[in-house]
Amino acid sequence: MRSAVASLLSIACLTYCSFILSAQAQDLGAEQLKKFIVSDTHKYLVARAFAHVPPDVFQRCPTLVSKGSNITIIRPVSFRPDGRPNTGAWRESFPVSGCGNDTTFHIYFFVNKDEKIDTFVAVPGETRADPTLQKDALVYAMLGATSAAKTCKTFNVKNSRFDGLDTANNKIRSWRETWTMVGCNRTFDVPLTFSPSDRGGTDITQSVSGVVERPAAE
């Protein structure tokens with residue numbers, strides 16, 4: 001069995017190999033960003049980010065596979081003469097499969113005022129919530145899971161699924177998601193509804209009666 005360090009380095013290499021083949025990365029036209037993505041510094045940042053992902057969410061195994069990946073620029077990225085970003089923010093998304101949790105991981109990169117790069121691993125899967133909204137939604141997802149497993153107090157988000165738009169209101173369109181929560185060797189699907197408010201912000205609702213436990217084998 002490979003060590004945890006070897007596994008993380010494999011993920012960094014996996015991301016490197018994926019991004020140099022990514023059509024979207026090539027279409028960005030940012031040669032400096034492409035060079036940074038294949039650098040040792042970037043591989044270290046990816047490995048460090050994944051090191052903090054709980055093992056029941058990011059499962060490591062020799063058959064781990066990632067097929068394609070893409071970059072989303074959040075704020076324009078500029079670079080120092082040595083090729084390291086000194087301003088900007090972006091998100092890197094890539095699917096993983098082969099180890100029991102087939103999903104898409106999203107890593108956010110933010111260059112802070114000291115020109116250091118902070119990373120944040122967001123909720124995996126198809127969620128349409130931004131990182132700030134994800135933090136709010138996590139409270140409701142936790143309430144749903146703990147209401148069904150009262151003796152378990154800690155859960156992690158293993159995956160998220162986009163279930164569609166609610167088109168009843170033509171002006172403000174709500175959407176539905178299912179967040180898969182894991183904890184205490186149990187797995188629950190928790191439905192969430194996101195409703196943009198005409199007052200600003202987004203309201204989140206969660207029905208306890210809609211929480212479903214998955215069989216132990218899943």
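Considering only the range 60-90, state which residues are part of a strand (DSSP E or B) and either in contact (Cβ under 8 Å) with a residue 24 or more places away in the chain or acidic (Asp, Glu) (or both). Talk me through it step by step, then tell me what you get.
Filtering the range 60-90 down to residues part of a strand (DSSP E or B) leaves 65, 70-79, 85-90.
Correct list: 65, 70, 71, 73, 74, 77, 79, 85, 86, 87, 90.
For residues in the range 102-119 being surrounded by 15 or more Cβ atoms within 10 Å (Cβ to Cβ) and not hydrophobic (A, V, I, L, M, F, W, C), which is nearest to the chain's Cα centre (by Cα)? Spell out the reasoning first.
Going through the range 102-119, the residues surrounded by 15 or more Cβ atoms within 10 Å (Cβ to Cβ) turn out to be 103-111, 117, 119.
Right, trim to not hydrophobic (A, V, I, L, M, F, W, C) and you get 103-104, 106, 108, 119.
Values: 103: 9, 104: 7, 106: 3, 108: 8, 119: 11 Å.
That would be 106.
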**Complete:** Every listed condition ((1) more than 16 Å from the chain's Cα centre (by Cα); (2) in a loop (DSSP other than H, G, I, E, B); (3) buried (at least 19 other Cβ atoms within 10 Å of the Cβ)) holds for residue 145 save (2)
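Quick check on residue 93: is it of a type in the set (Ser, Thr, Tyr), in contact with a helix residue (DSSP H, G or I) (Cβ under 9 Å, 6 or more places away or on another chain) and not in a loop (DSSP other than H, G, I, E, B)? Talk me through it step by step, then tell me what you get.
Values: of a type in the set (Ser, Thr, Tyr): yes; in contact with a helix residue (DSSP H, G or I) (Cβ under 9 Å, 6 or more places away or on another chain): no; not in a loop (DSSP other than H, G, I, E, B): yes.
Here the answer is no, as residue 93 does not meet what is asked.
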**Request:** Determine whether the range 120-139 contains at least one residue that is among the hydrophobic types (A, V, I, L, M, F, W, C), exposed (fewer than 14 other Cβ atoms within 10 Å of the Cβ) and in a helix (DSSP H, G or I).
**Result:** yes
**Asked** Within the range 72-87, can one find any residue that is closer than 18 Å to residue 46 by Cα and of a type in the set (Lys, Arg)?
**Response** yes
**Residue check, residue 109 of a type in the set (A, V, I, L, M, F, W, C), in contact with a helix residue (DSSP H, G or I) (Cβ under 9 Å, 6 or more places away or on another chain), under 30 Å from residue 154 (Cβ atoms) and at pLDDT 90 or above** = yes
**Prompt:** Could you say which residue among 57, 46 is aliphatic (A, V, I, L, M), under 14 Å from the mean Cα position of the chain (by Cα), surrounded by 16 or more Cβ atoms within 10 Å (Cβ to Cβ) and at pLDDT 90 or above?
**Reply:** 57
**Request:** For the range 31-50, name all the residues that are in contact with a helix residue (DSSP H, G or I) (Cβ under 6 Å, 6 or more places away or on another chain), free of Cβ contacts under 8 Å to residues at least 60 places away in the same chain and of a type in the set (A, V, I, L, M).
**Result:** 37, 38, 47
**Test for residue 84: is it within 11 Å of the chain's Cα centre (by Cα) and either among the β-branched types (Val, Ile, Thr) or not assigned by TED's automatic domain parsing to the domain that holds residue 178 (or both)** = no
**Message:** Contact list please: Cβ distance under 6 Å, first residue in the range 153-168 and of a type in the set (Ser, Thr, Tyr), second residue surrounded by fewer than 19 Cβ atoms within 10 Å (Cβ to Cβ), pairs at least six apart or on different chains.
**Reply:** 160/126
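The values are calculated or read from the model by the stated rules, or taken from the named source; none is laboratory data. What you see is a predicted model; the values in this text were computed from it and never measured. All Cβ positions, even for glycine, are placed from backbone atoms using ideal geometry, and neighbour counts span all protein chains on display.
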